[in-house]
Amino acid sequence: MECAATFHRDHHCSSAHEVISHHGDRIRDLVVRSLRPRLGRLEESLRRVDTSQEARQKRTSSHSIQSLQELKSQGRLTRPVLCSLHPGQELRLFCEPCDLTVCLECAATFHRDHHCSSAHEVISHHGDRIRDLVVRSLRPRLGRLEESLRRVDTSQEALQARADTLAGEIRAFARSYASAVEAHCSSLLRSLEDLRSQRRNQLHLQKAQLQQALSDVRGGVDFAERLLTCGSDAEILSAKGVTMRRLMNLESAGEVQGFPVVGVIHAKTVDPSKCTIQGEGVERGREGQRGEFTLVCRHSSGEQMGRGGDPVLVSIFKGISVMLGAVVDKGDGSYVVSYTPAEAGLYSVWVCVKAQHVQGSPFVINVKRKFKRHLGIFHCCSFCSSGGAKEARCGCTGTMPGGFQGCGHGHKGHPRKPHWSCCGSVVEASECVLHNLGSVSPRGHLRTVEL
C-alpha cells in the first residue's frame, strides 16, 4: 500500500484477487497448449536415444578403442588426397602403365584405355616392395651411417682432446724455452761483466806499468840531455859509465809484447742439417757384434763444433721393437754411437740432435747373421788329411769306393780344389754353411778334424 501511495501513485493498481484469474489462465493455457506436448516429445526422444545407445553399445561392445592421436602418429588417420584436376574427387585408383594415382574422372577420361586398379588392391604389392627395400638395404645402411657418424664424432672429440693436449704442451715448452733463454741471457751477461772487470783490472795494471816506464825514460832522457848540454867534458866522461848503463836498461822498459784481447762472445750453435754421420757401422752390422759410427756436429757455417754437450738421441727400430744407441761425447763436437743388434735383418736408425734429424737420418743398416766359424779343416781331401782313414768324412759331395766315407783326389764329387771338411766351401776366408751335411752331424766333422 505504501508503494502504491508513493512510487505508483500515478499508476492503475488493482487488487491481486481481482487479476489473478486472468493472468493464471494465460500461464495455464501456455503450459497446456505448448510446453506439455513439447515435454512429451522430449521424453520420447530421450527414450529413443537411450534405446539406440543401448543397441549401439551391444553392437560395439567387442570393438577396440584407439586414441585419435595414436592413429595420427601411426599414419593411419589421414586426410583424403584429392585430385588436382577434379576438385572434390578423391584419388582412389592406381594406373599401372602410368604408375600414377588417379580419381574416377581421370580414369574415365585420360586413362580409359589403361589398366586401373583400386588403391587398396595394389597397395600391398607396392608397399611390400618399398618395405623390402627399406628393410634389406636402407635400414642396414642407416645403421652403418649412424655408426660411422658416431665414429666421426668420437674422432672429432679425440682430435680436439689431442689438439688441446698438444697446445698445452706447446705453451709449456714455450714458457720453459723463454725461461731457459732468459736464464742463458743472464748467464752471458754475468760472464761478460766478469770478463770486463778482469780485463779492466789488467788494463789498469798495464797502464800503471807504462806510466812508470814513461817516467823512468823521461827522467833518463832529461838527465842525458842536461849532461850533454851543461856538463863539461870531465863531467861527461865521469858520468859516462853510469849514464850508458841507465840508458841501456831503459831501452827495453815499457815494451808491450802483445795484449790478448778477450771479449768475443761465441754464439755458434749446432745445426742438425749440417751434422754428418760417418763410420763402418752406418752401412753394415753383424748379429750379436758391436757396431759403431761417429756423429760430427757442425754449426751453420759447416765447421765442426769445438765443444760437446749437445742433446744427441739415437733410436734404432726393427719392426715394433726399439733400442737406444749408446752415445759417448768426445768433447770436441764428435760423438761415438755404438749398438749391438740382437738378430739379423734391416734396422732403421734415427739420429737426432735437439729433437731434429741430422743429415742422412733416418738410414737403414743391413745386419747380417752371426759369423759362423768353420768346425773342420781346410784340406785337399779327407783321404790325405786323415792319413787314409776310412771313417774320415767330408762336407763335400765326393765319394770313394772300398768303404771310405770321405772324398779323394780324382774320385766322383771331389771339388778338384782345397775345401773345408765341415761344409765343403772352397773359399778359405768364408763362413761355415752346413748345407751339404745330410745326415752327418757337426760332431762327425769334429771327429774328422781329430783324425
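The values are calculated or read from the model by the stated rules, or taken from the named source; none is laboratory data. This one's a predicted model, so the numbers in the text were calculated from it and none came from an experiment. Cβ placement follows ideal geometry from the backbone for every residue including glycine, while neighbour counts extend to all protein chains displayed.
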The condition of being assigned by TED's automatic domain parsing to the domain that holds G308 and at pLDDT below 90 holds, among E450, E343, E391, E428, only for E343
Considering only strands (runs of 3 or more DSSP E) fully contained in region 274-355, which possess at least 1 residues that are at positive phi? 345-353
Region 396-407, residues that are farther than 20 Å from L375 by Cα and surrounded by 11 or more Cβ atoms within 10 Å (Cβ to Cβ): T399, M400, F404
Is region 377-387 home to any residue that is part of a loop (DSSP other than H, G, I, E, B), out of contact with any strand residue (DSSP E or B) (no Cβ under 7 Å at 6 or more places or on another chain) and either surrounded by fewer than 13 Cβ atoms within 10 Å (Cβ to Cβ) or at pLDDT below 85 (or both)? yes
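Take S232 and decide whether it is at pLDDT 85 or above, among the small types (G, A, S) and at negative phi.
When the stated conditions are applied, S232 does not pass them.
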Would you mind telling me which numbered condition in (1) charged (D, E, K, R); (2) within 24 Å of the chain's Cα centre (by Cα); (3) crowded, with 16+ Cβ neighbours inside 10 Å R393 fails? (2)
Confirm whether A167 is exposed (fewer than 11 other Cβ atoms within 10 Å of the Cβ) and either under 30 Å from A355 (Cα atoms) or within 26 Å of the chain's Cα centre (by Cα) (or both). yes
Residues that are within 30 Å of H125 (Cα to Cα), surrounded by 10 or more Cβ atoms within 10 Å (Cβ to Cβ), of a type in the set (K, R) and in contact with a strand residue (DSSP E or B) (Cβ under 9 Å, 6 or more places away or on another chain): does region 91-99 have at least one? yes
